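Enquirer: Got a structure here, written out as C-alpha cells. Questions coming.
Read-outs throughout are calculated quantities, based only on the coordinates presented, and are distinct from any laboratory measurement. Everything numeric in this text was worked out from a predicted model, so none of it was measured. Every residue, glycine among them, receives a Cβ derived from its backbone with ideal geometry; neighbour counts consider all protein chains shown.
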Amino acid sequence: MSDFVIAPVTAPSLAVEGTSSRFPIRRVFCVGRNYSDHAREMGHDPDREPPFFFMKPADAVVPAEGTLAYPALTEDLHHEIELVVAIGKDGVDIAPEDALSHVWGYAVGADLTRRDIQAQAKKMGRPWDWAKGFDESGPSSPLKPVSSVGHPEKGAIWLQVNGVERQRGDLSDQIWPVKDVISYISQSVKLKAGDLIFTGTPAGVGALHVGDVVHGGIDGLNEFTFTVGAR
Ligand code: MN
C-alpha cells in the first residue's frame with residue numbers, strides 16, 4: 001500500500017450497458033471538425049485541414065442523465081453530439097488497418113462547449129482548454145462493447161433540444177473515420193487502454209439554456225437524455 005499524502009482519486013468511469021461492470025477512464029481525446037458541414041458552419045475549409053485534437057479531463061465524463069448544471073463562466077453553452085470510442089488495448093504508431101482491434105466499445109456523448117470562451121481563445125490565439133475542459137463537459141451514455149455493437153461506421157447521429165431536432169448527420173460523413181483518428185493520435189502519444197475519443201460533431205451546434213431537455217443518440221448504438229440545470 002503506497003503512503004499517499006492525500007486520498008488518491010478513484011478512476012473516473014463509465015457504465016457498461018446492461019451490466020454492473022464499469023470502464024475506467026484514463027484520458028479523453030477529442031477531434032476538432034470531423035464533419036465537413038460542421039467545419040463549414042464554423043468557417044473552415046474541411047478539405048484542406050488534417051485532424052487536430054484537444055482534451056478534456058477524465059472526470060469531465062459523467063453519465064448523460066438527470067440534471068447537469070449550466071457551467072460557470074459562459075453565456076453561450078453549446079451542444080455537440082458525438083460518437084465516443086473506448087480504447088481497450090495500448091498501442092503506438094497504430095496502422096489504420098489495425099486500429100479497430102484497439103477499440104473496446106462505443107458510446108454516444110456530448111462535447112459540451114463554452115462557445116464564447118472558445119471564440120475568445122481563437123481570436124487571441126490562446127488554448128481551447130477553458131472552453132472544452134470544464135466540469136461535466138463530457139456527458140456520455142453507457143458504453144456498449146464491440147462484441148455487441150461491432151464497429152459502427154454508418155448510422156444517423158442526432159440531437160434534439162426540447163423535442164426539436166438541432167443536429168443530424170451520419171457516421172459515414174466523418175472526414176476522418178475512427179480507424180484514422182486512432183492512427184493519428186497514436187502517432188503523437190502512446191494510446192492506452194482506458195482512453196476515450198470524442199470523434200467530432202455534425203452541423204447544427206447551438207446554445208443550451210437552463211431547463212432545456214437534451215436528447216441525443218446514434219441509431220443502432222445508444223441514446224441519452226439529460227436536463228440543463230441552474231448554474
Ligand atoms: Mn466536438
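Enquirer: Set the Förster distance to 35 Å, then compute FRET efficiency between residue 101 and residue 10 from the Cβ-Cβ distance, nearest 0.05.
Expert: In this case the efficiency is close to 0.75.
Enquirer: Still on this structure: Work out, step by step, the length gained on full extension between residue 55 and residue 151: first 0.36 nm times the residue separation, then minus their alpha carbon distance; give nm to one decimal.
Expert: Between residue 55 and residue 151, full extension yields an extra 32.3 nm.
Enquirer: Let me ask something else. Multiply the residue gap between residue 136 and residue 207 by 0.36 nm, knock off their C-alpha separation, and tell me the result in nm, one decimal place.
Expert: Going from the current span to full extension adds 23.9 nm.
Enquirer: While we're looking at this one, here's another question. Sort 164-176, 21-33 by packing, meaning the average of other beta carbons within 10 Å per residue, with the highest value first.
Expert: Descending mean neighbour count gives 21-33, 164-176.
Enquirer: Using helices alone, I'd like the mean residue ellipticity at 222 nm for the chain: each DSSP H run of four-plus residues gives -39500 (n - 2.57), total over residue count, nearest 500.
Expert: Result for the chain, helices only: -4000 deg cm²/dmol.
Enquirer: Return the long-range amide H neighbours of residue 26 (sequence gap of 5 or more, or a different chain), with a cut-off of under 5 Å between placed amide H atoms.
Expert: Here the answer is 195, 196, since their amide H atoms fall under 5 Å of that of residue 26.
Enquirer: Let me ask something else. In the chain, what is the count of Lys pairs whose alpha carbons are under 13 Å apart, counting only pairs at least 8 residues apart or on separate chains?
Expert: 4
Enquirer: How would you rank 132-143, 82-93, highest first, on the average number of other Cβ atoms within 10 Å across their residues?
Expert: My ranking of the peptides, most packed first, is 132-143, 82-93.
Enquirer: Let me ask something else about it. Please work out the Cα convex hull volume for the stretch 13-229 and give it in Å³ per residue.
Expert: Measuring per residue, one finds 111 Å³ for the Cα hull of the stretch 13-229.
Enquirer: Want the number for residue 19 to residue 76: 0.36 nm per residue separation, take away the alpha-carbon distance, what's left?
Expert: Stretched out fully, the residue 19 to residue 76 stretch lengthens by 16.9 nm.
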